Amino acid sequence: MSTSARLARFAMGQLETALDTVIRECLGVGAGEDVLVVSDATTRYLGVVLRDRAAAAGADAVLAEMAERATDGTEPPPTIAAALASADVFVAPTSRSLSHTKARKWATDAGARGATMPGVTAGMLARMMTADFAALRRRCLAAAAALDSGEEARLTCQRGSDLRLDLRGRSAIADDGDLRSPGAFGNLPCGEGFISPAGGDGRLAASSLATVGLARDPALLTVSEGRLVEAEGPEGGVLLQRLRHGGEHGVNLAELGVGTNERATLTGNILEDEKILGTVHVAFGASAGIGGNVSVPIHLDVVVLEPTLTVGDVTVLDAGRFALD
């Protein structure tokens, strides 16, 4: 067997393991359950193999393909929204995120458990879903507990970040891949602890920006009274323009998250970049699905590299080192 053939077989073996982790371990799909897999033309292959894996677990699994949405947070068609709410389990490997849509929230509130996988690739899934899940879950829970522990967080980095975020009255979530309980929801590949701030002021230096990619030089973003008001650099300008297309509240400060997956690497794909161990991500736009109160058809994250993050007197990250181990 040639070297390339052996590598291909190894990669396929990793992907198969990752698919089983998604269906059997994370979502706990069982015999007789109604499972809905939502994909679009770009992600059709992963939609098919996830549907097949769910069927192999004994589920009555259906694949629904929709047209690619315009932006992250754009609602799916009404037929898909209804199907999500009637399923026992849903998986959404789509090009654009359904995480912060009303349809996803309605499905969760109806008791469906599920995972969104916006922008996922086979290589990303094979790599990130082979993380040390026991260690990842400890980090996720520790990060969420830290975010819950104080009233204010401060984010700094040597590239120019200095942002204070109001955490009063908000609760954090551990995205650790355990989606087996009714109504459980998360991103896969997983690996973060996050919270929806009540407000914030300051600046952050973003190296990876959702729908834009990697910045040649960090984009400097200015936040005032919980809103993104200014963006420096070409990538930052594109981000701000896209958020403003989401309406008046598209620039809302929506999320503060801490990456915890040691298998994630910097690629320009925000689904992976925001999970990198030792990074912070901040999102703008919709927050209603994660503890905030803003519902708009957009939610875009940016990633800060090598940050220091403190919550009250608790150090969560120290110049990119996870400090809660």
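The values are calculated or read from the model by the stated rules, or taken from the named source; none is laboratory data. As the structure is a prediction and not an experimental result, all values here were calculated from the model. Cβ atoms come from the backbone with ideal geometry, glycine included; neighbour counts cover every protein chain shown. With ligands, DNA and RNA removed, areas are computed over all heavy atoms of the protein, side chains included. Shrake-Rupley method; radii C 1.70, N 1.55, O 1.52, S 1.80 Å.
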Practice item. Could you figure out which of (1) over 17 Å from Asp175 (Cβ atoms); (2) touching a Lys or Arg at 6+ places or on another chain (Cβ under 7 Å); (3) surrounded by 20 or more Cβ atoms within 10 Å (Cβ to Cβ) isn't true of Pro118? Key: (1)
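May I ask you to list the residues in the stretch 58-76 that are touching a Leu at 6+ places or on another chain (Cβ under 9 Å) and over 14 Å from His100 (Cα atoms)?
Quick first cut of the stretch 58-76, residues touching a Leu at 6+ places or on another chain (Cβ under 9 Å) only: 61-64, 69, 71-76.
Within the stretch 58-76, Ala61, Val62, Leu63, Ala64 meet the criteria.
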Review point. Which is outside any loop (DSSP other than H, G, I, E, B) and either of a type in the set (Asp, Glu) or within 30 Å of Leu240 (Cβ to Cβ) (or both), of Ala81, Ala85, Ala61, Ala67?
Key: Ala81
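Yes/no matrix, rows are residues, columns are (1) free of Cβ contacts under 8 Å to residues at least 60 places away in the same chain; (2) over 23 Å from Asp176 (Cα atoms); (3) among the polar types (S, T, N, Q):
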| residue | (1), (2), (3) |
| --- | --- |
| Gly32 | yes, yes, no |
| Val38 | no, no, no |
| Arg53 | yes, no, no |
| Ala57 | yes, no, no |
| Arg69 | yes, yes, no |
| Ala87 | yes, no, no |
| Phe90 | yes, no, no |
| Met129 | no, no, no |
Review point. Can you find a residue in the stretch 220-241 that is more than 17 Å from Ile290 (Cβ to Cβ), surrounded by fewer than 17 Cβ atoms within 10 Å (Cβ to Cβ), in contact (Cβ under 8 Å) with a residue 60 or more places away in the chain and more than 18 Å from the chain's Cα centre (by Cα)?
Key: no
Exercise for review: Name every residue in the stretch 137-154 that is closer than 22 Å to Leu271 by Cα and surrounded by fewer than 24 Cβ atoms within 10 Å (Cβ to Cβ), in order of residue number.
Suggested key: Arg137, Arg138, Leu141, Ala142, Ala144
Review point. If we keep just the residues of the stretch 66-95 that are closer than 22 Å to Ile173 by Cα and in contact with a Ser or Thr (Cβ under 7 Å, 6 or more places away or on another chain), which is surrounded by the most Cβ atoms within 10 Å (Cβ to Cβ)?
Key: Ala92
Point to revise | Unique match (being open to solvent by less than 20 Å² (accessible area, probe 1.4 Å) and closer than 22 Å to Asp109 by Cα) among Gly169, Gly193 | key: Gly193
Practice item. Could you list all residues from the stretch 284-325 that are under 23 Å from Asp109 (Cα atoms), in a loop (DSSP other than H, G, I, E, B) and open to solvent by less than 40 Å² (accessible area, probe 1.4 Å)? Key: Ala286, Ser287, Gly292, Val294, Val296, Ile298
